[in-house]
1. Of the residues that sit in the stretch 71-88 and are at pLDDT 90 or above and surrounded by fewer than 10 Cβ atoms within 10 Å (Cβ to Cβ), which one is nearest to GLU32 (Cα to Cα)?
2. Name the single residue that is modelled with the lowest pLDDT among those in the stretch 14-44 being under 15 Å from LYS67 (Cα atoms), open to solvent by 60 Å² or more (accessible area, probe 1.4 Å) and among the charged types (D, E, K, R).
3. Taking THR121 as meeting all but one of (1) open to solvent by less than 90 Å² (accessible area, probe 1.4 Å); (2) modelled with pLDDT of 90 or more; (3) among the β-branched types (Val, Ile, Thr), write down the number of the exception.
4. Mind listing whichever residues of the stretch 50-86 are part of a helix (DSSP H, G or I), under 19 Å from the mean Cα position of the chain (by Cα) and over 25 Å from ASP23 (Cβ atoms)?
Amino acid sequence: MSASVEPTVAVADTDTRITPPDDPFRWLWLSEAAAEHYGARSTLRRHIAEGRLATAQKIGRSWRVRKYDLDSLIVERAAEPSCEDVEAAVARIVASAPPLTDAQIRTLSAAFVDQLKQRQTVGAK
């Protein structure tokens, strides 16, 4: 007497037919997260070890994490510095730099003269 066993169909919970790709509660395996440019698998494993991915779950030898935890890792890029920011940074560097030697001044002067000559010949054409 053998019991009849009905075949079951397993569908991964990351299947986009069931869970839209932008769903923040979607689970991703580390290889999927790496493919979606959240970082290399080794970097993601380090984040898990450091506790930055709180919902990480280990299943067998693999890890999976929620998309919203991965999204929290994304750091917004800083705004481009303004001209005033750049000028202030240059002023700080100049103030902290030692004075130039005579040889350095001659080298810089020669480089500036060469650049001026190149610009004049390009502008004359």
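1. CYS83
2. ASP22
3. In the conditions (1) open to solvent by less than 90 Å² (accessible area, probe 1.4 Å); (2) modelled with pLDDT of 90 or more; (3) among the β-branched types (Val, Ile, Thr), THR121 misses (2) alone.
4. Restricting attention to the stretch 50-86, the residues satisfying the condition of being part of a helix (DSSP H, G or I) are 67-73, 83-86.
Within this subset, residues satisfying the condition of being under 19 Å from the mean Cα position of the chain (by Cα) are 67-73.
Passing the criteria: none in range.
The values are calculated or read from the model by the stated rules, or taken from the named source; none is laboratory data. Since the model is a prediction, treat every value here as computed from it, not as a measurement. Virtual Cβ from ideal backbone geometry, glycine too; neighbours counted across all protein chains shown. Only protein heavy atoms, including side chains, enter the accessible area calculation; ligands, DNA and RNA are left aside. Shrake-Rupley method; radii C 1.70, N 1.55, O 1.52, S 1.80 Å.
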